[in-house]
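Novice: What follows is a structure written as structure tokens; I'll ask about it next.
The values are calculated or read from the model by the stated rules, or taken from the named source; none is laboratory data. Note that the coordinates shown come from a computational prediction; the quantities given were computed from them, not determined experimentally. For neighbour counting, all protein chains shown are included, and Cβ atoms are generated from backbone atoms with ideal geometry for every residue, glycine included. When the accessible area is computed, the model is the full protein with side chains, heavy atoms only, and any ligands, DNA or RNA have been set aside. Shrake-Rupley method; radii C 1.70, N 1.55, O 1.52, S 1.80 Å.
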Amino acid sequence: MEFSALKIRSAGAASRLVSTIVLGVCLNWADVSTCCAQGSDSVFDQPNNFSTLPDIDGLWELPAASELLPPAVIDMDQALQVWNESQVDARSEGIVLQNELPQPMIAEPWWSVPIKDSIRPDLHALPIDLDTLFALTAAHSGRVQAVAQAPWVSQSQVEQAQAAFDPTLFSDNRFNSTSDPVENSLTTGGPPRLQDNIVGLDSGLRGQNQRGTDYRVGQRFGHKNSNSNFFSPSDQGTARLYGNLTHPLMRGRKIDVNRSLVLTAQFETQAARAEYQDALQKQLFQVADTYWSLYTERASFLQRQKHLARASEIAELLLAREGYDSSSSQVLRARATVANRFADLAQADASIRNLESRLRALINAPELTDNRNAEFLPLQSASLLPFEFAIENEVATALERRPELAELASKLAATNVRLQLARDQSKPTLNLVAEGYVAGLQGQSDIPGAFVDQFSTGRPGYAAGLVYERPVGNRAATAAVRQRQFEIAQLGHLIDEAKENVRAEVETAVRNVQAAKQAALGRQLSVDATNAEVESLKDRWQTLGNDPQLGQLQLNDLLSSQDRLLQEEQNLLQALVQYNLAILEVQRSTGVLVQFAE
């Protein structure tokens, strides 16, 4: 069995921005669910025998928090220059840096480490990352498997069309007994009725070759007896070896219905393959989007957990000092804040479980569905890496690799074949007809003797001629040509529209990457400033808290600043996730998220 490679590029996380996995996919469109994944750094340079999913959890190790860049404004041009210079230096020394990544532009947030730990210790924990989820999706997703059958269907149509050129064995055997009145005594030489008993056997091979020539080769045996006095010799055995062919000189010479079916079926198979690639790409993007939603909810849970801890710390302190220097209004205010934040935390846990269920439904892999209560631990964190995309380069890549453009191109090629057929069918029919034979005859029912005589007695017989035919007006064929021309023009407009849509999607995706990057940098500054404000207000409240009036105001300011800090942390989280999704969207819009390597 022949194989090609299905290369899936995972760009969801900064820690694995350019990672790749390779899945075995049957070139003859064997059931994708039976093809297992195999990790590779190159485009399918591994053997075709796969048995297990790749162990890709350790491909890239995240740096420790102490090794990350401090939360400061970084000059993008300088960072990119340093990164590019390091690449040039490494290449000059013969070092391959396929898995090397530049340092994040901002320090990884505090939640990037505890998010990989279980928040439900009583349940089984299942670490996940995008590479593994992509592999499982390609192998087990119900939607992907359903669409993967379309190329199989088209491939079967190709085989059916090609089968039209298979030769056919035939055999025609019959016994015929006649009894007819005669109008002339010379027919029988006396008897009033002509009675014949005939046994015939005709077997051979017939068919059509790929040049449009119809052929028929056969051997005919017969036995005949008659009551005619002129029938001599009696009990005749006959043999006849014959062959004939019809070759088109005008209509059907270059293309005919059978040959056009083969070509159109092949193009439809290519279109089905592009449709499968597009469906797989969309499914993978949904999986990635759900993964990052799960990451967001888990990080939000940790943020709210820390947010609750801040309020609980204040409430415990006020409760311990109640009756000394803390008023009952401050205690009640703190208790209300704790209760409110605890309610938000419960809702976050439900959202996490809902997204885990969504991932199971999208992927449908036994590794995920066998334990439906397992907790998913995201291994990839949302980070900000200094990567740039050139719009025109990405547009050129998209125009070459987008599956919907490939699908339209295949449909256009198939319609061109139908146009060629329609033009051919508008020509007159002019066929060369030729036939030849050798024959033998023996009496006394000597059929073997007649078979020998056909090669040794007499000479071969032959005939040749031309057959011409053309409908008057030829309106049906002319209308069919116009129909195909209109269909080609229609597809041309659809391709133009699709190209503009692709360009718009790519331009939007690239701009969104830049916007998300700037938003994340700004959100980091805002988090740092708000965190400093919280610490300042906390010190001020601890200093002025024993004042009945100022203490209440300072407590309100402190709790409000904590709310703002939570909001800013969530804004930063959303910005980082949007940046990683924007990079993935660039890959999807350019058509390189899923590639087939022949």
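Novice: What whole-number value in Å² describes the accessible area per residue of the range 372-480 for a 1.4 Å probe?
Specialist: Numbers: 5860 Å² over 109 residues.
Roughly 54 Å² per residue, with all protein chains present.
Novice: Right, next: Take the solvent-accessible surface of the protein heavy atoms, probe 1.4 Å, and return the percent of it on the range 180-283 that carbon and sulfur atoms account for.
Specialist: On the way: 2880 of 5450 Å².
Whole-percent figure for carbon plus sulfur exposure: 53.
Novice: Sticking with this structure for a sec: In square angstrom, rounded to the nearest 10, how much accessible surface does Thr187 have for a 1.4 Å probe?
Specialist: 60 Å²
Novice: Residue by residue through the range 492-501, which ³J(HN,Hα) values in whole Hz follow from phi under the Karplus form 6.51 cos²θ - 1.76 cosθ + 1.60 (θ = phi - 60°), with glycine and proline marked x?
Specialist: Each residue's phi maps through the Karplus curve to give x, 5, 5, 5, 4, 5, 4, 5, 5, 5 Hz.
Novice: Can you give the translational diffusion coefficient of the range 226-272 in µm²/s, computed by Stokes-Einstein from the Kirkwood radius over Cα pairs at 20 °C and 1.002 mPa s?
Specialist: Details: Rh = 16.0 Å.
The diffusion coefficient I find is 134 µm²/s.
Novice: Please give the charge dipole size of the range 390-455, origin at the Cα centre, charges +1 on K and R Cβ atoms and -1 on D and E Cβ atoms. Round to the nearest 20 debye. Walk me through the intermediate numbers first.
Specialist: Values: 6 positive and 9 negative charges, 61 e Å.
It works out to roughly 300 debye.
Novice: Tell me which residues come under 5 Å, amide H to amide H, from Gly443 once H is placed; ignore anything under 5 positions away on its chain.
Specialist: Residues meeting the amide H criterion: Gly237.
Novice: Here is a further query. Pick out, from Ile255, Pro191, Val217, the residue whose Cα sits farthest towards the positive end of the charge dipole of the range 173-271, with +1 on the Cβ of Lys and Arg and -1 on the Cβ of Asp and Glu.
Specialist: Positive-end residue among those listed: Ile255.
Novice: Same structure, new question: Round to a whole angstrom and tell me the spacing of the C-alpha centers of the range 316-389 and the range 402-431.
Specialist: Result: 59 Å between the Cα centres.
Novice: Measure of size requested: the Rg and Dmax of the range 377-424, with Cα atoms as the atom set and Å as the unit; please supply both.
Specialist: Using the Cα atoms of the range 377-424, the pair Rg, Dmax is 20.2, 63 Å.
Novice: Further question on the same structure: Sorted from largest down, give the three principal axis spans of the alpha carbons of the range 339-412, whole angstrom values.
Specialist: 59, 34, 22
Novice: Quick one: Karplus J couplings for the range 376-389, per residue in order, coefficients 6.51, -1.76, 1.60, θ = phi - 60°, nearest Hz, x for Gly and Pro?
Specialist: Karplus values, whole Hz, x for Gly and Pro: 8, 10, x, 8, 9, 9, 7, 10, 10, 10, x, 10, 10, 10.
Novice: If one computes the Cα centroid of the range 556-578 and of the range 116-134, what distance in Å separates the two points?
Specialist: Using only Cα atoms to place each centre, the spacing works out to 26 Å.
Novice: With a 1.4 Å probe and every protein chain kept in, tell me what percent of the accessible surface of the range 378-535 is carbon plus sulfur. Could you put the intermediate results ahead of the total?
Specialist: On the way: 4740 of 8650 Å².
The C+S portion of the solvent-accessible surface of the range 378-535 is 55 percent.
Novice: Hey, can you grab everything whose amide H is under 5 Å from the amide H of Phe376? Only 5+ residues off in sequence or another chain; H modelled, so Pro and N-termini drop out.
Specialist: For Phe376, the qualifying residues are Leu126.
Novice: Quick check on the range 474-562: take the gyration tensor over C-alpha atoms, sort the square-rooted eigenvalues as a ≥ b ≥ c, and tell me if it's rounded (a/c under 1.5), prolate or oblate. If you can, show how the numbers build up before the last one.
Specialist: On the way: a/c = 15.19, a/b = 5.17, b/c = 2.94.
It comes out prolate by the Cα gyration axes.
Novice: For the range 253-396, just say rounded, prolate or oblate: build the C-alpha gyration tensor, square-root its eigenvalues into a ≥ b ≥ c, call rounded for a/c under 1.5, and beyond that prolate if a/b exceeds b/c, oblate if not. Please list the in-between numbers first.
Specialist: Values: a/c = 5.29, a/b = 3.03, b/c = 1.75.
Judged from the Cα gyration tensor, the range 253-396 comes out prolate (a/c at least 1.5, a/b above b/c).
Novice: Using θ = phi - 60° and the Karplus form 6.51 cos²θ - 1.76 cosθ + 1.60, what ³J(HN,Hα) does each residue of the range 573-581 get, whole Hz, x for Gly and Pro?
Specialist: 4, 4, 5, 5, 5, 5, 5, 5, 5
Novice: Sticking with this one: On average, how much area does the Cα convex hull of the range 110-157 cover when viewed from any direction, in nm²? Working shown, then result.
Specialist: Values: hull surface 20.0 nm².
Spelled out: convex hull of the Cα atoms, projected over all directions, averaged, 5.0 nm².
Novice: Here's a follow-up. Please compare each pair in Lys282/Lys306; Lys282/Lys411; Lys116/Lys282 to a cut-off of 24 Å on the Cα-Cα distance and tell me which ones are over it.
Specialist: Details: Lys282/Lys306 36 Å; Lys282/Lys411 21 Å; Lys116/Lys282 27 Å.
Checking Cα-Cα distances, Lys282/Lys306; Lys116/Lys282 exceed 24 Å.
Novice: Moving on. Hey, can you grab everything whose amide H is under 5 Å from the amide H of Val594? Only 5+ residues off in sequence or another chain; H modelled, so Pro and N-termini drop out.
Specialist: Arg9
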